[in-house]
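Below is one structure, written out as C-alpha cells, with a few remarks after it.
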Amino acid sequence: MLSGYQIAAFDAAHLEAVQAAIDFKTKPPGSLGRIEQLALQIAGAQGTLKPAADPARLLLFAGDHGMVAEGVSAWPSEVTTQMVANFLAGGAAANVFARANDMAITIIDAGIAGELPDSPQLVRANIAKGTRNAMHEDAMSSAELSAALEFGASLAARAVEDGARVIALGEMGIGNTSSAALLAHAVEGLDLTQLCGPGAGLDAPGVARKAEILKRIAARRPGRLAPNDALAAFGGLEIAGMAGALIGAAARGGIVLVDGFIATAAALCALRARPDAMPYVVFAHRSKEPGHRLLLETLGAEPLVDLDLRLGEGTGALLAFPLLRAACAMLGEMATFASAGVSGKEG
C-alpha cells in the first residue's frame with residue numbers, strides 16, 4: 001500500500017537520550033505514566049528533545065456508501081451532505097472542539113453523493129459520488145481505491161510539509177460503521193455480530209437486523225482479505241482516504257491522532273499493510289461502539305481516554321489532543337533535578 005511513501009524508523013540513540021531527559025525531570029521515573037510515553041513518541045517522531053504538538057490539523061473525510069440502500073443505517077444518505085454543510089458553516093461538534101483547541105480543519109469531499117457549493121474550506125477528491133452497493137458488487141474499483149489512498153496520503157503529507165506536527169483523522173458518512181465492521185471482519189476475521197453496534201442511533205432490533213445484512217454482504221467476498229482487497233470490496237472512499245492519510249503523514253514524520261471506530265478501521269487497513277507506520281500513531285479514545293473496542297484490542301492499542309463517545313467527526317481526537325500538548329510541554333519545559341536544585345533519589 002502506497003509503497004512510494006517511505007517511513008523512517010525512529011533513531012534508537014535519540015530515543016535513549018529522550019528517555020534519559022524524561023527520567024531526570026523533577027519526578028519519580030514513570031510517575032507521569034502515559035504522558036511520558038507520549039513525550040517519548042512525539043520526540044522520537046520529530047527527532048528533537050523539545051517536541052511540539054502545534055500546529056495540528058484535523059483532516060475530516062466525508063463519503064457515502066451504496067450499502068445504505070440495504071437498510072444498515074437509521075439515517076438516509078443525504079444526511080452526509082447535510083452534515084458536511086454544517087461543518088462548512090462551523091456548527092458541528094468537531095468545529096466547536098477544534099476552535100477550543102485552536103486546531104485547523106480541512107473538510108474533504110472524499111466521495112459524497114450529494115451536491116455542495118464550492119468553498120475555500122472544502123477539498124474535493126473527485127473520484128466518485130459515493131461507493132457502489134457492496135451487497136451486489138465491490139464498493140470501489142482498484143483504480144478508485146488507488147486514487148483515494150493516494151489522495152489521502154498526498155493531502156496529509158502536504159499538511160505536514162506545510163508545518164503541521166499532528167494530523168488528526170476524522171470522518172462523516174452515513175453507513176460507515178457498517179463498512180468499518182465489514183473491514184474488521186474481512187481483514188482480521190472478527191465476528192460480525194460482535195462488531196455491530198448502534199452506529200448513528202439504531203435500537204437493539206435494528207442492530208440485529210444490521211448484523212444479518214452485513215453477514216449477507218460479507219458472504220459475497222468470504223474469507224480473510226488483504227487490506228487493499230477488503231477496502232475495495234467493502235470500504236468507503238472516506239475510509240480509504242484516512243488510510244492513505246495515515247501513511248502519508250507518517251512518511252513525513254507527522255504524528256497521526258486516530259479518532260473512533262471508523263478511523264480505527266482505516267488505521268487497521270493501513271497498519272496491516274504498512275506496520276512501519278505504527279510508531280507514528282496515537283489512538284485517541286475508546287468509543288462506546290463495541291466494534292471499536294475489539295479493533296483496539298486486535299491492534300494492541302491503548303487509547304488515551306474513554307469518554308463513552310460514539311459521534312465520529314474526529315471529536316475524540318480533538319478532546320484527547322491537549323494531552324499531546326501537555327506531553328510536549330513536560331519534556332520541553334519541566335525542570336530537571338539539577339536545574340531545580342532538588343536532590344535525586346538516594347543510590
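Summary table below
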| item | result |
| --- | --- |
| GNM result for the chain, Cα springs below 10 Å: residue of Ile255, Ile107, Ile35 fluctuating most strongly | Ile35 |
| Karplus-derived 3J(HN,Hα), 6.51/-1.76/1.60, for each residue of the range 128-139, Hz, glycine and proline x | 7, 8, x, 8, 7, 6, 5, 5, 10, 7, 4, 4 |
| Of all accessible heavy-atom area on the range 110-204, the percent that carbon and sulfur account for (1.4 Å) | 49 |
| From phi via Karplus (6.51, -1.76, 1.60), per-residue ³J(HN,Hα) for the range 70-76 in Hz, x at Gly/Pro | 7, x, 7, 10, 7, 10, x |
| Degrees, to the nearest 10: 237-251 long Cα axis against longest axis of the chain | 20 |
| Per residue accessible area in Å² of the chain, where ligands, DNA and RNA are left out and the probe is 1.4 Å | 39 |
| For Ala74, residues with placed amide H under 5 Å, excluding near neighbours | Ala200, Leu202 |
| Residues Asp203 and Ser3, FRET efficiency given R0 of 45 Å [Cβ-Cβ distance, rounded to 0.05] | 0.50 |
| Computed E for Ala69/Gln19 - FRET, C-beta separation, R0 51 angstrom, nearest 0.05 | 0.45 |
| Chain lengthening between Glu115 and Lys50 when straightened (0.36 nm per residue, less Cα-Cα) | 18.9 nm |
| In degrees, nearest ten, helix 142-161 long axis to first principal axis of the chain (Cα) | 30 |
| Highest-fluctuation residue, His185, His65, His136 considered, GNM on the chain with Cα pairs under 10 Å | His136 |
| By average C-beta atoms within 10 angstrom, highest first, the peptides 146-152, 80-86 | 146-152, 80-86 |
| Cleavage-rule hits, trypsin sites (Lys or Arg not before Pro), the range 182-274, DSSP coil, Cβ neighbours within 10 Å at most 15 | Arg220, Arg224 |
| Residue-averaged [θ]222 nm for the chain, counting only DSSP H segments that reach four residues, each worth -39500 (n - 2.57) | -15000 deg cm²/dmol |
| Contour excess over end-to-end distance, with Cα ends at Arg132 and Thr26 and 0.36 nm allotted per residue | 32.4 nm |
| Computed magnitude of the charge dipole of the range 255-347 (debye, nearest 20; Cβ of K, R +1, Cβ of D, E -1) | 120 |
| Cα-based helix-to-principal-axis angle, 261-273 vs the chain, degrees rounded to 10 | 80 |
| Theoretical gain in end-to-end length, Asp306 to Ala89 [0.36 nm per residue, Cα-Cα removed] | 75.2 nm |
| Lys, Arg +1 and Asp, Glu -1 on Cβ, resulting dipole of the chain about Cα centre, debye, nearest 20 | 280 |
| Distance (nanometres) between label positions extended 7 Å along Cα→Cβ at Ala100 and Glu212 | 4.1 |
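The values are calculated or read from the model by the stated rules, or taken from the named source; none is laboratory data. Because the structure is predicted, anything quoted here is derived from the model rather than measured. Virtual Cβ from ideal backbone geometry, glycine too; neighbours counted across all protein chains shown. The area values use the complete protein model at the heavy-atom level, side chains included, leaving out ligands, DNA and RNA. Shrake-Rupley method; radii C 1.70, N 1.55, O 1.52, S 1.80 Å.
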